[in-house]
1. Viscosity 1.567 mPa s, temperature 4 °C: what is the translational diffusion coefficient of the chain from Stokes-Einstein with a Kirkwood Rh over Cα pairs, rounded to a whole number of µm²/s?
2. Return the calculated 222 nm mean residue ellipticity for the chain, to the nearest 500 deg cm²/dmol, obtained by summing -39500 (n - 2.57) across DSSP H runs with n ≥ 4 and dividing by the residue count.
3. For segment 125-241, what size does the Cα cloud have along each of its three principal axes, sorted from largest down, in whole Å?
4. At 1.4 Å probe size, with no ligands or nucleic acids counted, give the accessible surface of Phe243 in Å², nearest ten.
5. Provide Glu213, Glu193 ordered by accessible surface of protein heavy atoms (probe 1.4 Å), highest first.
6. Please go through the residue pairs Lys39/Lys69; Lys180/Lys244; Lys55/Lys123 and name each one whose alpha carbons sit more than 31 Å apart in this structure.
7. Would segment 1-89 count as rounded, prolate or oblate if I go by the C-alpha gyration tensor, calling it rounded below 1.5 in a/c and otherwise prolate when a/b exceeds b/c, oblate otherwise?
8. Given a 1.4 Å probe and every protein chain left where it sits, what share in percent of the accessible area of segment 25-88 is carbon and sulfur?
Amino acid sequence: MTLLGIDIGGSGIKGALVNTVTGELLTERFRIETPKSGKPEEIAEIFAKIVKHFKYQGPIGCGFPTIIKNGVCKAHGNLSEKWLGVNAEELFSDYTGLPVTVINDADAAGYATMNYGIGKGKKGLVIMITIGTGLGSGAFFNGELLPNFELGQIPYKKHDKFEHYAAASIKEKEKLSYKKWGKRFNKFLKYVEFIVSPDLIIIGGGTSKDFDEFKEYIKIDTPVIAAELQNYAGIIGAATAAFKKKK
């Protein structure tokens, strides 16, 4: 079945048509920069532009960068504080006239990895960490999603959130080498390991393509591997979530 997946991030909003049986992208990604304000109405307008670009009519899946419960934003993530309490599913449906399923973006990336990627068939507790503007995390037990495991929101020293210390955006902002940033990221993984004792950690997001640049600085007992879907995972997983809801 062909469904539209849209991945909303702190720097860009991307969409593509996805074959939800194979997990393959059927089109090129279409990307529009995320407005700096990050306000709901501006994001919704771009969401509708992406739908229009594909001339799409049907269910839409969306990965969104914050805690989502029954379609409602329970925090604002890296976007505007105005998202807090907004029903994102209703908002995007109003702007497109189509049914929309919204899940946490790291959960979406995890869906893709666990259904079509390197995590397929993996048992036990698997944690997916997406490295981007923030640090997203998705949790799966024997392949089943445990939603909204936002481990990047853990406070660390003077930082309100760990992602303000070790996200890819911080590496870029502070012009950190992979060595310096890798050591910071390793501290985050140590917290993850201590708190939830996972059987496997999978690294996703755009930074995962550079895994060889920083894997030597990861020094935890839990096996850590890179996801091969990288920036496509959020789109694929969002479409998968819409497919699962439709069934």
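1. Calculated translational D: 73 µm²/s.
2. About -10000 deg cm²/dmol.
3. 36, 28, 26
4. The accessible area of Phe243 comes to roughly 50 Å².
5. On the way: Glu213 105, Glu193 40 Å².
Descending order: Glu213, Glu193.
6. Values: Lys39/Lys69 19 Å; Lys180/Lys244 41 Å; Lys55/Lys123 39 Å.
Cα-Cα > 31 Å for Lys180/Lys244; Lys55/Lys123; rest within.
7. Details: a/c = 2.11, a/b = 1.60, b/c = 1.32.
Here segment 1-89 falls in the prolate category.
8. On the way: 1660 of 3460 Å².
Exposed carbon and sulfur together represent 48 percent of the surface.
The values are calculated or read from the model by the stated rules, or taken from the named source; none is laboratory data. Nothing here was measured: the structure is a model prediction, and the numbers come from that model. Areas reflect the complete protein model, heavy atoms only, side chains present, ligands, DNA and RNA absent. Shrake-Rupley method; radii C 1.70, N 1.55, O 1.52, S 1.80 Å.
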